[in-house]
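Here is the structure we will look at.
The values are calculated or read from the model by the stated rules, or taken from the named source; none is laboratory data. Computed from a predicted model, the values in this text were never measured in an experiment. Positions of Cβ are generated from backbone atoms using ideal geometry, with glycine treated the same way; all protein chains shown enter the neighbour counts. To get the accessible areas, we keep the full protein, side chains included, count just its heavy atoms, and leave off ligands, DNA and RNA. Shrake-Rupley method; radii C 1.70, N 1.55, O 1.52, S 1.80 Å.
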Amino acid sequence: MKLVFAGTPEVAVPALDALIASGRHEVAAVVTRPDAPAGRGRRLIASPVAERAAEAGIEVLRPLKPRDPEFLARLAEIGPDCCPVVAYGALLPRVALDVPAHGWVNLHFSLLPAWRGAAPVQHSVMAGDEITGASTFLIEEGLDSGPVYGTVTEQVRPTDTSGDLLTRLAFAGAGLLAATMDGIEDGTLKAVPQPAEGITLAPKINVEDAKVEWSAPALRVDRVVRGCTPAPGAWTVFRGERLKLIQVTPVPERTELAPAEIAVGKNSVHVGTGSYAVELLWVQAQGKKPMRAADWARGVRIGTGETLGA
């Protein structure tokens, strides 16, 4: 088939690579978000998908909005049979959805209908899921509600951050998306409506969602830290300044600390929660680089009875 691939961040690149490498389909063009300012100089930087497409000699389309007339005209001119999508980052209007004969097929990083929305992997980690996966589905105008072509499953490991899990899903999902394109072309794959039960939502995680509540159980604290790593980054407050929490680990045997109470050992920093303590392993103070929590604690000279949080 002739394909127009839509995607923007690094997590979409493995899927684009898989489609280019398959040799079975022609990736005629790529649709991605416009170049965005980044870094200290705030100069415009192309998206990872745009960079990869340019390397492969593939036309790159960067509409401000997918309903822009120039973009729609070029899409119709290319005449794709199908448009595979991975984390494109913009809502597709009906006029765009109707262009390819086989529609737009999204690779979504959950087992639908669980975790529909912008942050499925983060919510899966924060909820304590043991199994998650990726799904390919036909895009409709509803939120991730279209019929599903296929799925792959992935175990959520006890120490996984959302970044760890998303990296694995990006590669597993790339194979799934390529196989879905093959099945659509062969006519051997039919999309199946999602069940009405089991729907959960995964809205974008904002900075306030990433604030650690020390009255919560230790397992919840651990899941929030892992789910918000690398972005937006779990955090708390120490002496009126924000402290980023990069890695913690539950310590079930330590139950004497009150929620948010800090206990500093020779090479350890423990904090009480609503159940038992967690050990801080890596932190990042405001304006500083990430460091081991024990080194941070030595530097700030934590006093007896000091706490984290507001």
Under the rule rounded for a/c under 1.5, else prolate if a/b exceeds b/c, else oblate, using alpha carbon gyration tensor axes a ≥ b ≥ c, the chain is classed as prolate
Quote the FRET efficiency, to the nearest 0.05, computed for Glu77 versus Ala56 with a Förster distance R0 of 30 Å and r equal to the Cβ-Cβ distance.
-> 0.90
Cβ under 9 Å from Pro250's Cβ, Pro250 left aside: what net charge do those residues give with Lys, Arg +1 and Asp, Glu -1?
-> -2
May I ask which residue of Leu219, Gly175, Gly198 lies farthest towards the positive end of the charge dipole of region 155-243, with charges of +1 (Lys, Arg) and -1 (Asp, Glu) on Cβ and the Cα centre as origin?
-> Leu219
Tilt, helix 162-186 to longest principal axis of the chain (alpha-carbon atoms), in degrees rounded to tens, equals 20 degrees
Arranged from highest to lowest average of other beta-carbon atoms within 10 Å per residue, in what order do the peptides 50-56, 232-238, 73-79 appear?
-> 232-238, 50-56, 73-79
Go through 201-210, 104-113 and give me the packing order, highest mean Cβ count within 10 Å leading.
-> 104-113, 201-210
Roughly what would the spin-label model give for Asp68 and Ala258, points 7 Å off Cα along C-beta, in nm?
-> 5.7 nm
At 7 Å along the Cα-to-beta-carbon direction for both Asp186 and Arg40, put a label point, then send me their distance in nm to one decimal.
-> 5.4 nm
Taking Cα centroids, how far is region 102-118 from region 15-36 in Å?
-> 18 Å
Between Arg242 and Leu201, take the C-beta separation as r, use R0 = 35 Å, and let me know the FRET efficiency to the nearest 0.05.
-> 0.80
Rounded percent of accessible protein surface that carbon and sulfur make up, region 123-217, 1.4 Å probe | 56 percent
What does the convex hull of the Cα atoms come to per residue for region 1-128, in Å³?
-> 125 Å³
Where only protein heavy atoms count, and the probe is 1.4 Å, what is the accessible area per residue for the chain in Å²?
-> 48 Å²
Would you mind telling me the share, in percent, of accessible area of region 1-75 contributed by carbon and sulfur at probe 1.4 angstrom?
-> 51 percent
Gained length - Thr167 relative to Ala28, 0.36 nm times residue gap less alpha-carbon distance | 47.4 nm
For the pair Arg298 and Glu213, how long in nm is the line joining their label points, each one 7 Å along Cα→Cβ?
-> 3.6 nm
